[in-house]
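Any read-out appearing in this document is the output of simple, stated calculations on the displayed coordinates, not a laboratory observation. Only a predicted model underlies this, so the values are computations on that prediction, with no experimental measurement involved. Here Cβ is always computed from backbone atoms with ideal geometry, including for glycine, and neighbour counts include all displayed protein chains.
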């Protein structure tokens, strides 16, 4: 049962192969087994690759099964269409397009499995890339908010500096009227005279203005700090909104690119393994000598070819004979007086009818 199934997978003619030896049957059963298990590996590889896209087991398995059947059909077609010839170079030339196709299939099958085999290493590379993207994303978003925040900080600093400057001026005025009262500066007369009073009033007016300035600037600073807090909240919100996009940066293309960041040698050996599996049925047929099945297949195909050529030749002879007979028959008819007289009578009646019709038409016009 299993042997028959693998022979079916090999694409060989089961009726012809049934009359061959067990060794010949085993050879094609082995080729069919290789084709079958290659399709199984293609199913597994495609299912994993599609799972990274759809994140659904059933969808990935369904489309993976379709892909596996497609690869099975292609491999079976490639193996079954290679015919043994008497010249190895002719066989190689015949198989070269199929070898190229087998290489392409090997690449397609091996790549998803490489992604699974090196999954941990790929995850590490993706984590580094995600961290880099996160920092770059924050910097990019910050460029939208930083100028406004810097302007707010500068304005706050300016308001605070204005208060400090005004305090310095008030303190200087305070020191001036105190020095006048103590006689250390100004008139150098101890006591609270007119000059002291004038300087005291100037200080009190500046102090009142300072108090009002502090109140006004404090309100402005609070308002600016609120704007700054709102900008910081908007920045954090935009970062949080864009972060899931970066977190989901682990699709099929991202993993393939991450695989390219890893050392190429292990991946290359895995590709060679699948290439050997994929091309082994082809090279098995190329390198194996012409066997019993090949001779019987050539005999069956030659028999059909000869029969078709014989029928075609017979049709040509029959057609040529028919032409010759027709020429002779019509040649003999041209010499018969009875046929000549009958055709002459018919032609005379036809011409009379034409003349009568013409006469009636002309009479009607007149």
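The packing ranking of peptides 321-327, 35-41, highest mean first, is 35-41, 321-327, where packing means the average number of other beta carbon atoms within 10 angstrom of each residue. Packing, as the average of other Cβ atoms within 10 Å across residues, places the peptides 243-249, 26-32, 112-118, 168-174 in the order 26-32, 112-118, 168-174, 243-249, highest first. Relative to the longest principal axis of the Cα atoms of the chain, the long axis of helix 194-247 makes an angle of roughly 20 degrees. Treating only the Cα positions of the chain as identical point scatterers, give the base-10 log of I(q)/I(0) from the Debye formula at each q in 0.15 Å⁻¹. Log-scaled intensity ratios, in q order: -1.25. For helix 252-261, what angle does its Cα long axis make with the longest principal axis of the chain, in degrees from 0 to 90 and rounded to 10? Taking the Cα atoms of the chain, the angle to 252-261 is about 80 degrees.
So how tilted is helix 57-80 from the main axis of the chain? Cα-based, degrees 0 to 90, rounded to 10. Between the helix axis and the principal axis of the chain, the angle is about 40 degrees.
Over the chain, dividing the summed -39,500 (n - 2.57) contributions of all DSSP H runs of at least 4 residues by the number of residues returns a 222 nm mean residue ellipticity of -32000 deg cm²/dmol.
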